[in-house]
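Below is one structure, written out as structure tokens, with a few remarks after it.
The values are calculated or read from the model by the stated rules, or taken from the named source; none is laboratory data. Keep in mind the model is a prediction, meaning the values are calculated, not measured. Every residue, glycine among them, receives a Cβ derived from its backbone with ideal geometry; neighbour counts consider all protein chains shown. Accessible surface is based on the protein model in full, side chains and every heavy atom, while ligands, DNA and RNA are left aside. Shrake-Rupley method; radii C 1.70, N 1.55, O 1.52, S 1.80 Å.
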Amino acid sequence: MAQCVTRVELSVSCENLLDKDVGSKSDPLCVLLQDVGGGQWAELDRTERIKNCQKPEFSKKLVVDYYFEKVQKLKFGVYDIDNKSFDLNDDDYLGGIECTLGQVVSSSVFTRPLELKKGKPAGKGTITISAEEIKDARTVYLEIEARNLDKKDFLGKSDPFLEFYKQSDVGTWQLVYRSEVIKNNLNPCWRKFSVPLQTFCGGDFNKPIKVSVSDMDDTSSSDLIGEFTSVTAKLLEAGDRVVQCADHDSDGSHDLIGIFETNLTQLQKAGDSSPVEFECIHPEKKQKKKSYKNSGIIRIKSCKIERDYSFLDYVMGGCQINFTVGIDFTGSNGDPKSPDSLHYISPDGINEYLIAIWSVGSVVQDYDTDKLFPAFGFGAQVPPSWQVSHEFALNFNPSNPYCQGIQGIVDAYRQILPQVRLYGPTNFSPIINHVARFASHSAQQGNASQYFILLIITDGEITDLDQTRQAIVNASKLPMSIIIVGVGEADFKAMEFLDGDNGVLKSLTGEPAARDIVQFVPFRQFKNAPREALSQVVLAEVPKQLVSYYKLQGWPPVKLPEVKKM
């Protein structure tokens, strides 16, 4: 399961803190705690103490792991520290707040009044929190070609490929990139490729990088063509990188053509009009033959370092996530008045539909400022005409289908349930196309300001599979993701097919999806799991899907993050 896991540092400042000390001002410290369930809180981090200050700006950052797919409840507490004890129970409490990490990272500046307890303000005290992802988001992009490589194959030319290595802290070389094999060519031009800067050389632009060129043969042997070492700044993890050119063999063996070493500083000198060249040297040949010059020339056509933007970059840069819900009201759900029905609301006020809405919505709502969510039903006969509709507003207001918050969706669902007649068939394409129209309009703005998530909750087999396939393929070109939660015990093979995890989804005409945007999960797998487990699974793919769309379009965040100088 893919996860959006990253480290976030939180900067904290306060104003107008209560003054608890006699004859001097308070000596504040801020502690960060996280809800671990059952009413229990665990300390994650704390700032330094600042003496005699009612308007502290803490230099020590609070660090926390961030998961998009979880609701991470946090508590910030500010204390007046008058002793050397680590225990805060004997220190005066100056106030605190409770919030979610999602609220913090989706706000450029998150300011709230401090409270001594719920509903009791801590004077005029306020706390301000800002978040920043801990990450070197740069990537190295390289274009490389070779000239006059040694011929390693008896009956044909070499089949060269490159390998980059970085040097570990203990001096060993670690493979960080291997290129494709160029068949039967002594003057190959490899595809442009990229490696995260951190991975490539740990951020040290002067660290040695070794490049080797080898020959890979069809006869199950490969000849190393060459190798070079270069400091490629943070492309792999930490350490140096080596690239080698080899001749490819079908059994994975290869013959060395040559090697060279360099660093990222040298590689960066390459430009479109002025490539940087390295001699590809075979160590044994150089030692044996006095007349030996080289085994070919490696040309670095271009070396650029660019920033790759993360999910948090887009969210913190102003991207709004719009949440839409589609609920299945087909007859196969059963009469809502019967306890056997999937729409039956139990005495404790829940059913599987409501749990799914709460689980997913409670995470997504933090990323939408107006908290207005359109909600639709499909597959029911709707009053007053009792025509079957596959796209009716839960609040019966087609011109304004928005519900206020997740509670608004729940309330609309409860109210409409006794007013519609469950019918059929189970058609997904109308509601997918509905959200796609909004996503398409947003995409025409040409920026990363709006992303759409459609949650479909259904009980059974899809009826309009071909139309839905086409709708998903079309939507894959738009800023949207689709989450399908299957309730009940039906066979969900069609849903798993739409998920695309086992291969690229294609339309009936054979057109492939531009990217994977569907995540399907059967609710029955989570009946005995904590409620947050469902949201973690169904939302885990969203960050990757959002980033992949904007990267495909070449759109940076609306508000670019500050780039720290190294």
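For the peptides 54-66, 537-549, the ranking by mean Cβ contacts within 10 Å, running from highest to lowest, is 537-549, 54-66. Here the scattering of segment 313-443 is modelled by Debye summation over its C-alpha atoms, one equal scatterer each and no solvent; at q = 0.17, 0.18, 0.19 Å⁻¹ the log10 of I(q)/I(0) is -0.92, -1.02, -1.12. Protein heavy-atom accessible surface, 1.4 Å probe, per residue over the chain: 45 Å². Applying a threshold of 25 Å to the alpha-carbon distances of Lys166/Lys304; Lys152/Lys288; Lys371/Lys559; Lys192/Lys286; Lys55/Lys84; Lys70/Lys477 flags Lys192/Lys286; Lys70/Lys477 as lying beyond it.
Ordered by 1.4 Å accessible area with all protein chains kept, Val36, Val78 run largest first as Val36, Val78. Compared with the dominant Cα axis of the chain, that is its longest principal axis, helix 465-475 is turned about 70°.
The dipole here belongs to the chain: it is taken about the Cα centre, uses +1 on the Cβ of Lys and Arg and -1 on the Cβ of Asp and Glu, and is about 1520 debye.
For the residues Lys166, Lys118, a 1.4 Å probe over the protein chains yields an accessible-area ranking, largest first, of Lys118, Lys166. Accessible surface comparison of Ser194, Ser214, probe 1.4 Å, protein chains only, largest first: the order is Ser194, Ser214. Modelled spin labels at Phe396 and His441, positioned 7 Å past Cα toward Cβ, are 2.5 nm from each other. Centre-to-centre, using Cα atoms only, segment 335-404 and segment 108-163 are separated by 38 Å. Rolling a 1.4 angstrom probe over segment 378-498 with all protein chains present gives an accessible area of which 50% lies on carbon and sulfur atoms. Which whole-number percent is the relative contact order of segment 1-114 (Cα, under 8 Å, 6+ apart)? After rounding, I find 28 percent. The solvent-accessible area of Met316, taken with every protein chain present and a 1.4 Å probe, is close to 50 Å². Applied to segment 346-358, the Karplus parametrisation 6.51 cos²θ - 1.76 cosθ + 1.60 on θ = phi - 60° returns per-residue 3J(HN,Hα) values of 5, x, 8, x, 10, 8, 5, 4, 5, 5, 5, 4, 5 Hz, with x for Gly and Pro. Its relative contact order, with pairs defined as Cα atoms under 8 Å and 6+ residues apart, puts segment 141-199 at 43 percent.
Compared with the direct C-alpha span, the chain from Gln40 to Lys371 gains 116.3 nm at full extension, assuming 0.36 nm per residue. With R₀ fixed at 22 Å, the C-beta to C-beta distance from Gln553 to Glu145 puts the FRET efficiency at about 0.15.
When the surface is traced with a 1.4 Å probe over the full set of protein chains, Arg421 keeps roughly 120 Å² accessible. Accessible area per residue was computed with a 1.4 Å probe on protein heavy atoms; Asp335 scores about 90 Å².
Using a simple spin-label model with pseudo-atoms 7 Å out from Cα toward Cβ, Lys84 and Thr128 lie 3.5 nm apart. Distance between the modelled labels on Leu116 and Lys337, one decimal in nanometres: 5.5 nm (7 Å Cα→Cβ projection). Given the choices (i) 3, 13, 15, 13, 11, 10, 8, 7, 6, 4, 4, 3, 2, 1, 0; (ii) 3, 15, 22, 22, 19, 12, 5, 1, 0; (iii) 3, 15, 19, 19, 18, 14, 9, 3, 0, 0, P(r) over Cα pairs in 10 Å bins from 0, in percent derived from the coordinates of this structure is entry (iii). Using the Cβ-Cβ distance between Arg531 and Lys493 with R0 set to 41 Å, the FRET efficiency from 1/(1 + (r/R0)^6) comes to roughly 0.95.
Each Lys and Arg contributes +1 and each Asp and Glu -1, all at the Cβ; summed about the Cα centre of segment 63-154, the dipole is approximately 340 debye. Each listed q (0.18, 0.20 Å⁻¹) maps to a log10 I(q)/I(0) for segment 409-566, found by the Debye formula over equal Cα scatterers with no solvent: -1.19, -1.37. Report note on the peptides 451-458, 101-108: ranked by the mean count of other C-beta atoms within 10 Å, highest first, their order is 451-458, 101-108. Of the residues Gln266, Asn400, Leu175, the one whose Cα sits farthest toward the positive end of the charge dipole of the chain, with +1 on the Cβ of Lys and Arg and -1 on the Cβ of Asp and Glu, is Gln266.
The charge dipole of segment 1-106, taken about its Cα centre with unit charges on the Cβ of Lys, Arg, Asp and Glu (plus for the first two, minus for the last two), comes to roughly 300 debye.
Look at the alpha carbon pairs under 8 Å that are at least 6 residues apart: their mean separation over the length of the chain gives a relative contact order of 10 percent.
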